[in-house]
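Single-structure report; data block below.
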Amino acid sequence: MDAGVSIRAVGDRALLVELPGLPEVLSLQAQLDAEPSEGQVDVVAAAQTVLVTAGSARQAARIARRIRSLDFSVGPRSEEARIDIEVMYDGADLAEVARHAGLSESGVVDAHTSQDWTAAFGGFAPGFAYLTGGDLRLEVPRRASPRTSVPAGSVALAGGYSAIYPRESPGGWQLIGRTDAVLWDLGRDVPALIRPGNRVRFTAVRESVSTAARRGAASAPGSGALPARRGRGAPRKISVPVPGPGAFVVEPGLSSVLEDLGRPGYAALGVAGSGALDRGSCRQANRLVGNPPGAVVVESLFGGLVLEARSELVLAVTGAPAPLAVTSPGGTRRSVDTCAPFLMRAGETLAVGAPAEGLRTYTAVRGGWEAAPLLGSRSTDVLSGLGPEPLARGGFLSAGTAPGSAVGNPELPSAVSRPAVLRIVPGPRADWFANGEPARLCAARWTVTPQSNRVGLRLEGPALQRVKSGELPSEGAVRGALQVPPSGLPVLFLADHPVTGGYPVIGVVISEDLDRAAQLPPGAELRFEASPGHSPFPAG
């Protein structure tokens with residue numbers, strides 16, 4: 001292994017490789033992509049690091065050993081494709097960039113368009129590419145205060161990079177222009193317009209860029225944008241015949257989404273794994289109705305889901321223990337148990353009540369709920385907008401064809417201790433914090449705040465203190481990471497987390513405890529406990 005290269009464990013199934021610079025980063029990424037190791041799931045390149053996730057701790061250890069034997073002087077094979085991007089240079093930060101670069105505004109445009117840029121790596125969002133190789137005078141810092149909303153198609157600069165925002169999102173880069181180019185389109189064979197290795201050439205246009213075209217692209221089928229949910233008017237059924245078995249959505253509750261076991265393997269394109277937050281409950285619900293483990297289920301937040309069967313269905317509800325009631329068309333009501341299969345006849349309704357403890361329930365149907373696959377999964381990703389839209393009143397859920405296996409026997413629901421205890425291993429950036437802070441993290445009791453969602457749990461408690469100041473260059477992040485922003489209050493990343501992040505990670509919750517985190521409602525208390533023996537390889 002070259003000097004200046006180190007490997008740090010990230011939880012129990014991932015590793016972060018620190019390298020001297022971008023050439024070595026691209027070399028490692030190219031070698032792992034060209035010859036994937038056994039169990040290799042995702043490879044996420046960043047400015048100075050490569051994050052590699054694996055299917056198990058043992059596989060992560062083998063990948064670490066292989067990386068130590070690689071030659072990072074081997075350059076990646078260049079990608080000859082060139083992408084031409086037309087830009088209207090009227091960005092809100094163009095004058096500030098010009099001042100910082102010591103150029104006129106037209107000088108900034110000339111510098112930005114005078115040579116090809118190269119897509120080094122992706123991240124942040126699907127279709128977002130970090131472009132390098134531009135004029136050195138355009139190396140400008142991020143904004144002191146990030147914008148809460150950056151329009152789709154914004155062309156921006158930060159550090160030595162340029163990029164285009166694929167969709168509306170928060171962001172702290174300096175905006176110099178806008179384009180109508182569609183960066184991410186699931187209707188294409190390759191969704192990302194710009195991929196690592198591509199050359200990109202920007203061209204200035206004087207005509208006003210049509211915002212209507214960009215809005216149309218954002219709402220087109222397969223673009224990844226989620227249509228607005230219907231208002232909360234009176235429930236209404238679909239007036240046209242609905243083919244096949246399934247159920248009408250009478251009430252979606254606070255939030256109900258379709259989930260399976262996720263879409264791993266696309267983190268290099270900015271797509272998180274997503275999938276059910278409580279994977280054990282998803283598997284259990286499917287097991288009870290005789291489905292494969294990864295069949296689609298309905299994940300509901302704090303109950304409230306009401307379904308009306310159009311045909312005879314076998315269902316099971318798992319996750320947070322909740323009262324379940326089935327009502328016949330004549331008004332006869334019967335209770336059914338969680339973690340047990342039950343029959344619903346045509347016209348009967350199932351109502352999922354609020355859990356007595358826990359947060360999320362999982363409703364499976366024999367044959368699985370049907371939805372169009374995107375990148376190999378039918379999961380809704382609330383951060384990127386990929387996957388089916390959330391359930392809405394009056395919608396219809398189609399049930400798939402039942403497999404040949406029999407339904408399962410009733411099982412016990414999983415229990416959550418109070419306060420919940422989540423085991424952690426040291427994070428890759430634990431050295432950014434003062435001595436004793438990891439111990440203080442474990443000694444404190446933390447409270448889940450109402451700002452939590454499928455992206456992550458925001459925690460309230462004693463602020464953790466850094467010993468290193470300044471910005472951490474963005475690097476790959478994993479589910480379970482405890483990222484600590486300047487406030488000192490950690491955020492525990494869940495299934496829809498950002499693929500990369502720029503805040504130091506003090507610890508990582510081990511994989512087998514993450515289902516427990518999915519069931520923690522706002523106000524719940526939790527604490528962290530050091531988990532010795534889970535690091536799959538020594539640091540170094």
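The values are calculated or read from the model by the stated rules, or taken from the named source; none is laboratory data. Keep in mind that what you see is a predicted model, and the values were worked out from it rather than measured. Here Cβ is always computed from backbone atoms with ideal geometry, including for glycine, and neighbour counts include all displayed protein chains. Heads up: the accessible areas ignore ligands, DNA and RNA and are worked out on the full protein's heavy atoms, side chains in. Shrake-Rupley method; radii C 1.70, N 1.55, O 1.52, S 1.80 Å.
Restricting attention to the range 321-364, the residues that are in contact (Cβ under 8 Å) with a residue 40 or more places away in the chain, open to solvent by 40 Å² or more (accessible area, probe 1.4 Å) and charged (D, E, K, R) total 2. Taken over the range 1-42, the residue count meeting the criterion of being within 20 Å of VAL509 (Cα to Cα), of a type in the set (Val, Ile, Thr) and open to solvent by less than 30 Å² (accessible area, probe 1.4 Å) is 3. Restricting attention to the range 127-149 and to residues that are more than 23 Å from LEU51 (Cβ to Cβ) and basic (Lys, Arg), the residue that is surrounded by the fewest Cβ atoms within 10 Å (Cβ to Cβ) turns out to be ARG137.
Looking only at residues in the range 451-490 that are aliphatic (A, V, I, L, M) and more than 13 Å from TYR503 (Cβ to Cβ), which one is farthest from the chain's Cα centre (by Cα)?
Here is the first cut: in the range 451-490, the residues aliphatic (A, V, I, L, M) are 455, 457, 459, 463-464, 467, 472, 477-478, 481-482, 484, 489.
Subsequent filtering for residues that are more than 13 Å from TYR503 (Cβ to Cβ) retains 455, 457, 459, 463, 467, 478.
Values: VAL455: 7, LEU457: 13, LEU459: 19, ALA463: 26, VAL467: 29, VAL478: 9 Å.
Among those residues, the one meeting the criterion is VAL467.
When you scan the range 232-260, how many residues do you find that are among the charged types (D, E, K, R), at pLDDT 95 or above and out of contact with any Leu (no Cβ under 7 Å at 6 or more places or on another chain)?
Adding up the residues that qualify gives 2.
A count restricted to the range 175-202 and to residues that are touching an Asp or Glu at 6+ places or on another chain (Cβ under 8 Å), of a type in the set (Lys, Arg) and modelled with pLDDT under 90 stands at 1.
For every residue, the table says whether it meets (1) modelled with pLDDT under 95; (2) closer than 25 Å to LEU269 by Cα; (3) of a type in the set (Ser, Thr, Tyr).
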position	(1), (2), (3)
VAL467	yes, no, no
GLU475	yes, yes, no
LEU492	no, yes, no
ILE506	no, no, no
GLU512	yes, no, no
PRO538	yes, no, no
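Tell me, which residue of the range 130-149 that is part of a strand (DSSP E or B) and modelled with pLDDT of 90 or more is farthest from the chain's Cα centre (by Cα)? Steps first, please.
Filtering the range 130-149 for residues part of a strand (DSSP E or B) gives 130-132, 140, 147-149.
So of that shortlist, the ones also modelled with pLDDT of 90 or more come out as 130-132, 140.
Values: TYR130: 18, LEU131: 22, THR132: 25, VAL140: 28 Å.
Applying the filter and picking the extreme gives VAL140.
Where the second residue is surrounded by 14 or more Cβ atoms within 10 Å (Cβ to Cβ) and among the β-branched types (Val, Ile, Thr) and the first is under 15 Å from GLY177 (Cβ atoms) and in contact (Cβ under 8 Å) with a residue 60 or more places away in the chain and lies in the range 93-107, which pairs have Cβ atoms under 6 Å and are six or more apart or on separate chains? Correct list of pairs: LEU94/ILE176; VAL97/VAL108; VAL97/VAL140; VAL97/ILE176. In a residue-by-residue description of the range 240-257, the property of being buried (at least 20 other Cβ atoms within 10 Å of the Cβ), among the polar types (S, T, N, Q) and part of a strand (DSSP E or B) applies to at least one position. Suppose we filter VAL17, VAL43, VAL25 for residues that are assigned to a helix (DSSP H, G or I) and in contact with a strand residue (DSSP E or B) (Cβ under 9 Å, 6 or more places away or on another chain); which single one remains? Of VAL17, VAL43, VAL25, the one residue that is assigned to a helix (DSSP H, G or I) and in contact with a strand residue (DSSP E or B) (Cβ under 9 Å, 6 or more places away or on another chain) is VAL25.
All of (1) aromatic (Phe, Trp, Tyr); (2) closer than 30 Å to PRO20 by Cβ; (3) open to solvent by less than 50 Å² (accessible area, probe 1.4 Å) hold for PHE124 with one exception: (3).
Here is a yes/no grid of residues against (1) open to solvent by less than 40 Å² (accessible area, probe 1.4 Å); (2) of a type in the set (A, V, I, L, M):
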site: ARG62; (1), (2): no, no
site: GLU86; (1), (2): no, no
site: TYR89; (1), (2): yes, no
site: SER106; (1), (2): no, no
site: ALA120; (1), (2): yes, yes
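One residue stands out among those in the range 150-162 that are of a type outside the set (Ser, Thr, Tyr), at pLDDT 95 or above and assigned to a strand (DSSP E or B): the one that is surrounded by the most Cβ atoms within 10 Å (Cβ to Cβ), which is LEU157. Would you point out which residue out of VAL499, VAL455 is within 27 Å of TYR130 (Cα to Cα), open to solvent by less than 20 Å² (accessible area, probe 1.4 Å) and modelled with pLDDT under 95? It is VAL499.
Restricting to the range 267-320, name every residue that is free of Cβ contacts under 8 Å to residues at least 40 places away in the same chain and either out of contact with any Lys or Arg (no Cβ under 9 Å at 6 or more places or on another chain) or assigned to a helix (DSSP H, G or I) (or both). The answer is ARG283, and nothing else. For GLY476, are the conditions met, namely being touching a Ser or Thr at 6+ places or on another chain (Cβ under 7 Å) and surrounded by 24 or more Cβ atoms within 10 Å (Cβ to Cβ)? Judged against the criteria, GLY476 is a match. Selection of first residues in the range 517-540 that are small (Gly, Ala, Ser) and of second residues that are modelled with pLDDT of 75 or more and part of a loop (DSSP other than H, G, I, E, B), restricted to Cβ pairs under 7 Å at least 6 apart or on distinct chains, gives the following pairs, ordered by first then second residue: ALA517/LEU494; ALA518/LEU277; ALA518/ASP278; ALA518/LEU494; SER531/ILE510.
Only one of GLY127, GLY122 is on the phi > 0 side of the Ramachandran plot, under 22 Å from the mean Cα position of the chain (by Cα) and not in a loop (DSSP other than H, G, I, E, B); which? Before you say what the answer is, go through the steps one by one.
Numbers: GLY122 fails: on the phi > 0 side of the Ramachandran plot.
Step by step, each of GLY127, GLY122 is checked, and only GLY127 is on the phi > 0 side of the Ramachandran plot, under 22 Å from the mean Cα position of the chain (by Cα) and not in a loop (DSSP other than H, G, I, E, B).
Looking across the range 304-322, the residues that are touching a strand residue (DSSP E or B) at 6+ places or on another chain (Cβ under 7 Å) and under 16 Å from PRO413 (Cα atoms) come down to LEU315, ALA316, VAL317, THR318, GLY319, ALA320, ALA322.
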